[in-house]
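Participant: Starting off with a structure, shown below.
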Amino acid sequence: MRVAVISDIHANLAALEAVLAAIDDEAPDAVWCLGDLVGYGPRPNECCAAMAERAGIALCGNHDLGVLGTIHLREFSYEAAAAAQWTREALSEEAGAYLRTLAPAAVADEGAVELYHASPRDPVWEYVLTDAAADAAFRHTSASLILVGHSHVALAITHEDGAIQGGLAPDGTELDLAQRRWLLNPGSVGQPRDGDTRAAYVLLDLERRFATFRRVAYSVADTQREIRELRLPEALATRLAHGI
Ligand code: ZN
């Protein structure tokens, strides 16, 4: 089975459409989404509808839960809270009903793959950005492949002889997943924070045990214009041009 894994769409429809077009060219068997469909960006309803139609597995993230009211917005930064507040009012009944069906963790491939929005020990909030957090993730589960989102940084981390290896996974990174356990973060579709402004995804071949990290250019200017027209916080528009 070949799977395209995406995460952290954040209501950026231009980025999502570009990624889905690239994924269509690869014709995978499934699309999995690791959460944060909404929040920050201008097009929450369209992004929820696309995932309802396309995603075989979709998780919810902290922003989705903030918009639904499951998480209090005082847990969020000023920009995140302002965008979540706007999203609550803009969210259609249909999109809200879809988000409420999602959980922050899932299991696939008969237990060989575990999916979390954030991390195995805290599926909603923990950022896996340090060796200590990666080590804890590997110790918390015995799955051979762990998929996480949340940090918006594309990562390929492995665990061998008790040591953490790996790190950033730029465009074109290819991995043989067969010999070791891996933790992968595909990066973010709608708000990359690893210095590459392009939308991110990872393509998995679960039979051949192979992963390929990909980036896709999209019209950052279109999403920035929509953010500004809606008077969402300006920082949410400017950061898209820097990939931070
Ligand atoms: Zn996110």
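We did not get these values from a lab; they are worked out from the coordinates using the rules stated. Only a predicted model underlies this, so the values are computations on that prediction, with no experimental measurement involved. No Cβ is skipped: glycine too gets one built from the backbone with ideal geometry, and neighbour counts run over all protein chains shown.
Participant: Which of the residues that make up segment 152-183 are within 16 Å of the ligand (Cβ to nearest atom) and either in a strand (DSSP E or B) or surrounded by fewer than 18 Cβ atoms within 10 Å (Cβ to Cβ) (or both)?
Facilitator: Scanning segment 152-183 gives a single hit, Leu155.
Participant: Taking Ala211, is it in a strand (DSSP E or B), under 30 Å from Ala90 (Cα atoms) and in contact (Cβ under 8 Å) with a residue 24 or more places away in the chain?
Facilitator: No: the conditions fail for Ala211.
Participant: Continuing with the same structure: Which of the residues spanning segment 64-93 are surrounded by fewer than 20 Cβ atoms within 10 Å (Cβ to Cβ) and among the acidic types (Asp, Glu)?
Facilitator: Glu75, Glu79, Glu89, Glu93
Conditions tested, residue by residue: (1) over 21 Å from His150 (Cβ atoms); (2) in contact with a Gly (Cβ under 7 Å, 6 or more places away or on another chain); (3) without any contact (Cβ under 8 Å) to a residue 24 or more places away in the chain.
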| position | (1), (2), (3) |
| --- | --- |
| Val31 | no, yes, no |
| Asn45 | yes, no, no |
| Ala58 | no, no, no |
| Gly61 | no, yes, no |
| Val67 | no, yes, no |
| Thr70 | no, no, yes |
| Ala83 | no, yes, no |
| Thr87 | no, yes, no |
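Participant: For segment 184-202, give me the residue count where each residue is assigned to a strand (DSSP E or B) and either within 12 Å of Ala156 (Cα to Cα) or in contact with an Asp or Glu (Cβ under 6 Å, 6 or more places away or on another chain) (or both).
Facilitator: 3
Participant: Restricting attention to segment 124-151, which residues are touching a helix residue (DSSP H, G or I) at 6+ places or on another chain (Cβ under 9 Å), within 16 Å of the ligand (Cβ to nearest atom) and without any contact (Cβ under 8 Å) to a residue 40 or more places away in the chain?
Facilitator: Glu126, Tyr127
Participant: Restricting attention to segment 175-232, report how many residues are closer than 17 Å to Val148 by Cβ and among the aromatic types (Phe, Trp, Tyr).
Facilitator: 3
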